[in-house]
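Trainee: Take this structure first; my questions come after.
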Amino acid sequence: MSNPKGNGSGQNKYQAAVDGARQKADAKAEASGGEVEIQTPAAKAMLSRPTDEQIAQMMNDETMEFAPQVHSMDEGEMVEGILEGNGPSTTFTQKDQVTGQEITRVVDTWILASESGSLRISILSSVQLDKKLPPYVGGRVRIFRGKDVKTSKGFRVTDYLVSGPRREDGRPRSWVTNKTIDAIASNTIDGQDSRALPAPSAPSAPATGGEDAHP
């Protein structure tokens, strides 16, 4: 039975390569005063530095399925795809302009898939998108990010234009809340629309509504 030799010490070539890498790593660690990660030849075979052209070819490979790529939409940008639903939340850390302290915010995401199902994009959500997107889940949707609008109260609101093809069953989508639906149902008494009945006399209440409401 042969006894393979490596580096003149009776070790095989693989072990000799590992020992050589360890010696180099120990030398680097001693010089830097810290630890250096050791990569065996097997691990190095898994690593590469693809070019932009190779990355583009990979993204066009429809035999592969890619995890969602997080994207923050810019003003005037539009994305179109199959709306799969909510994705995992992500966190942002920024400094408060007044206190200078770091503030961490948790932001929800929405996942859209390409028509082929191989590519996915994860966009950051907003209050508007959380209200507008649910009726489109499972179908194709188009999202356009408009301008940021400042309200009279100093808040910044991003305008989103959301649309999708009509449902195949012909039923219209609805964005009303359950409270609105319950109110419509309760307004019908004995088959007669209670809104057509004379309103009872009562003290007038102050007007309510959004920032553009008038008394």
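Trainee: Select from region 104-174 those trypsin sites (Lys or Arg not before Pro) which occupy a DSSP coil region and have at most 14 other Cβ atoms within 10 Å, ordered by residue number. Intermediate values should be presented prior to the final figure.
Mentor: Values: sites: Arg105, Arg120, Lys131, Lys132, Arg140, Arg142, Arg145, Lys147, Lys150, Lys153, Arg156, Arg166, Arg167, Arg173; in loops: Lys153, Arg166, Arg167, Arg173.
Answer by residue number: Lys153, Arg166, Arg167, Arg173.
Trainee: Moving to a separate point now. Please give the length that would be gained between Glu65 and Asn86 if that part of the chain were fully extended, namely 0.36 nm times their separation in residues minus their C-alpha to C-alpha distance (nm, one decimal). Don't jump to the answer; show the numbers that get you there.
Mentor: Numbers: separation 21, 0.36 × 21 = 7.56 nm, distance 1.84 nm.
Using 0.36 nm per residue and subtracting the Cα-Cα distance, I get 5.7 nm.
Trainee: Another question, then. I need the calculated FRET efficiency for the pair Asp169 and Asp148, taking r as the beta carbon distance and R₀ as 45 Å, to the nearest 0.05. Walk me through the intermediate numbers first.
Mentor: Details: r = 37 Å, r/R0 = 0.82.
Result of the calculation: an efficiency of 0.75.
Trainee: Separate question: Under a Cβ-Cβ cut-off of 12 Å, what is the net charge of the residues other than Gly146 that fall near it, where Lys and Arg count +1 and Asp and Glu count -1?
Mentor: Values: positive: Arg145, Lys147; negative: Asp74, Glu75, Glu77, Asp148, Asp159.
It works out to a net charge of -3.
Trainee: Starting from region 132-178, pick out the chymotrypsin sites (Phe, Trp or Tyr not before Pro) whose DSSP state is loop and whose Cβ has at most 12 other Cβ atoms within 10 Å.
Mentor: Details: sites: Tyr136, Phe144, Phe155, Tyr160, Trp175; in loops: Phe155, Trp175.
Listed in order of number, the matching sites are Phe155, Trp175.
Trainee: Quote the relative contact order of region 111-161 in percent (integer), defining contacts as alpha-carbon pairs under 8 Å separated by 6+ residues. Provide the component values of the computation, followed by the final result.
Mentor: Working: 40 pairs, mean separation 12.8, N = 51.
Over region 111-161, the number comes to 25 percent.
Trainee: Using 0.36 nm per residue, how much length does the chain from Ala43 to Phe155 gain when fully extended, once their Cα-Cα distance is taken away?
Mentor: Numbers: separation 112, 0.36 × 112 = 40.32 nm, distance 5.12 nm.
Going from the current span to full extension adds 35.2 nm.
Trainee: Can you list the residues, at least 5 places off or on another chain, whose amide H is less than 5 Å from the amide H of His71, using H built in the peptide plane?
Mentor: Placed amide hydrogens put Ser122, Ile123, Leu124 under 5 Å from His71.
No value in this document is a laboratory result; all are computed from the given coordinates. Just so you know, these numbers come straight off a predicted model, no measurement behind them. Every residue, glycine as well, gets a Cβ built from its backbone with ideal geometry; the counts of neighbours run over all protein chains shown.
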